[in-house]
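Asker: Provided herewith is a single structure, encoded as structure tokens, for subsequent inquiry.
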Amino acid sequence: MANHKLTTAIQTLGHTQALKDGTVQPRGFELEFEEVSPIIKAFRRMVRGLEFDVSEMALTTYICAKSHGKRFTALPVFVVRAFHHGAILVNAKSGITDPRQLEGGKVGVNRGYTVTTGVWARGIMQDEYGVDLGRITWVLSGDEHVEEFRPGANVVSMPQGRTLEAMLEAGELDAAIGIASDHPDLRPLIPDAAERGFRLLAGQGHYPINHTIVVKDELLQAHPGLAQAVYDAFDQAKQLYLARLAKGEIEAPTKADQTYRRVMQTLGGDPLPYGLEPNRAMVDTVIRYAREQGIIDRAYTADELFAPVRASTRSA
């Protein structure tokens, strides 16, 4: 019997390469890839049109979409993780050196209010620095993937024809989250941001999740073994990557490869753990942030949001 084909949109990363080149396939299924660049376009297409059977998706986009009844469910496969202390930029000429100075001001957010980097950065500001997020006006450069979402009154759109970078340079914003700039006056608000992230990882296990994998509900219902098959395939592909990473066999390692290798050394094991249990604290944290920041109107449990699978017991 021929394998069931699944239209799929994911990035080509070290730990997904074996899926993309066909070395690994889900048992009983075949992944047919559509290349979408940047991958955020796939998130929107999945949320608004259910265009893929399997898709990568930003975690808070998923949580927001689920709260609005979108017909797909995530697997506990977390393909992108990042530290976000360095995501908040300020103008060095502004004199702002403490996140609490942003209260009463305006902070730009790249793209939408529900963008995962923005959610994590706001959570850091609140939890680590005591910032009252409700006292900041959040200025967006784009719209939301989930059309039905309506942000609070302190969330506004950027003026047409402007950029967040230009507004920050001109002093029209007090800070901006998630923008890239090489302007000499723009710098991270939190000093030594990368090292702070690794200290929190080592001390508290704080390792933010950015992207997960979602599957259409109709397919999960029609094929009871699908969730496990896809999960196992992603895990197998990752294990092949981690074996090469641990042995230093990655040619021309990317910044992500270098980060994952350092995470592996810090944790003494898998730098990209899949499965719900090793990630429950981080999932619970981002759900809390989404609730506190007005993205969802009730606090979901992690078990409500992810399809049940048997997690691998293998370690890197």
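Asker: Say the dipole of the chain comes from +1 at the beta carbon of Lys and Arg and -1 at that of Asp and Glu; which of Thr114, Leu13, Ala243 then lies farthest toward its positive end?
Answerer: Farthest towards the positive end: Ala243.
Asker: Something else about it: Once you keep just the Cα pairs under 8 angstrom separated by 6 or more residues, what percentage relative contact order results for the stretch 10-58?
Answerer: Values: 30 pairs, mean separation 18.1, N = 49.
37 percent.
Asker: Using only the alpha carbons of the stretch 1-121, what is the convex hull's orientation-averaged projected area in square nanometres?
Answerer: On the way: hull surface 40.2 nm².
Directional mean of the projected Cα hull area for the stretch 1-121 stands at 10.1 nm².
Asker: Loop only per DSSP, at most 15 neighbouring Cβ atoms within 10 Å: give me the trypsin sites (Lys or Arg not before Pro) in the stretch 167-258, ordered by residue number. It would help to have the intermediate numbers written out before the result.
Answerer: Values: sites: Arg196, Arg199, Lys216, Lys238, Arg244, Lys247, Lys255; in loops: Lys247.
Of the trypsin sites (Lys or Arg not before Pro), the ones in loops of the stretch 167-258 whose Cβ has at most 15 other Cβ atoms within 10 Å are Lys247.
Asker: Separate question: The stretch 208-260: which GluC sites (Glu not before Pro) are DSSP loop and have at most 14 other beta-carbon atoms within 10 angstrom?
Answerer: Working: sites: Glu218, Glu249, Glu251; in loops: Glu249, Glu251.
Taking the stretch 208-260 and a limit of 14 other Cβ atoms within 10 Å, the loop GluC sites (Glu not before Pro) found are Glu249, Glu251.
Asker: Next question. Sequence gap at least 6, Cα distance under 8 Å: using those rules, report the relative contact order of the stretch 200-273 to the nearest whole percent. List each step's numbers first, then the result.
Answerer: Numbers: 21 pairs, mean separation 17.9, N = 74.
Relative contact order, the stretch 200-273: 24 percent.
Asker: Tell me the trypsin sites (Lys or Arg not before Pro) within the stretch 266-310 that lie in a loop according to DSSP and have at most 10 other beta-carbon atoms within 10 Å. Please list the in-between numbers first.
Answerer: Values: sites: Arg280, Arg288, Arg291, Arg298, Arg310; in loops: Arg298, Arg310.
Here the trypsin sites (Lys or Arg not before Pro) that fit, given the DSSP loop and packing criteria, are Arg298, Arg310.
Asker: Full-extension gain between Arg187 and Ala256, please, as 0.36 nm times their residue separation minus the C-alpha to C-alpha distance. Intermediate values should be presented prior to the final figure.
Answerer: Values: separation 69, 0.36 × 69 = 24.84 nm, distance 2.12 nm.
Contour length minus Cα-Cα distance gives 22.7 nm.
Asker: Roll a 1.4 Å probe over the protein chains and send me the accessible area per residue for the chain in Å².
Answerer: Values: 14110 Å² over 316 residues.
With all protein chains present, the chain gives 45 Å² per residue.
Asker: Also, quick follow-up: Where a Cα-Cα gap under 26 Å defines reach, which lysines qualify for Lys41, not counting those fewer than 8 residues away within the same chain?
Answerer: Reachable lysines: Lys5, Lys20, Lys66, Lys70, Lys216, Lys238, Lys255.
Asker: Report the relative contact order of the chain, percent, no decimals, based on alpha-carbon pairs under 8 angstrom and at least 6 residues apart. Walk me through the numbers before you get to the answer.
Answerer: Working: 545 pairs, mean separation 83.8, N = 316.
After rounding, I find 27 percent.
Asker: Which of Asp257, Asp192, Asp182 ends up with the largest GNM mean-square fluctuation for the chain, with Cα atoms connected below 10 Å?
Answerer: Of Asp257, Asp192, Asp182, the most mobile in the Gaussian network model is Asp182.
Asker: Further question: How big, on average over all directions, is the shadow cast by the Cα convex hull of the stretch 212-316, in nm²?
Answerer: The Cα convex hull of the stretch 212-316, projected and averaged over all directions, gives 8.3 nm².
Asker: Quick one: pull the percent of accessible area on the chain belonging to carbon and sulfur, 1.4 Å probe, ligands and nucleic acids left out.
Answerer: Working: 6680 of 14110 Å².
Of all accessible area on the chain, carbon and sulfur atoms account for 47 percent.
Asker: Which one, (1) 19.2, 57; (2) 19.1, 61; (3) 19.7, 67, gives Rg and Dmax of the Cα atoms in Å as derived from the coordinates shown?
Answerer: (3)
The values are calculated or read from the model by the stated rules, or taken from the named source; none is laboratory data. The model shown is predicted, which means the values in this text are computed figures rather than measured ones. Virtual Cβ from ideal backbone geometry, glycine too; neighbours counted across all protein chains shown. Just so you know, the surface numbers come from the protein's heavy atoms only, side chains and all, with ligands and any DNA or RNA stripped out. Shrake-Rupley method; radii C 1.70, N 1.55, O 1.52, S 1.80 Å.
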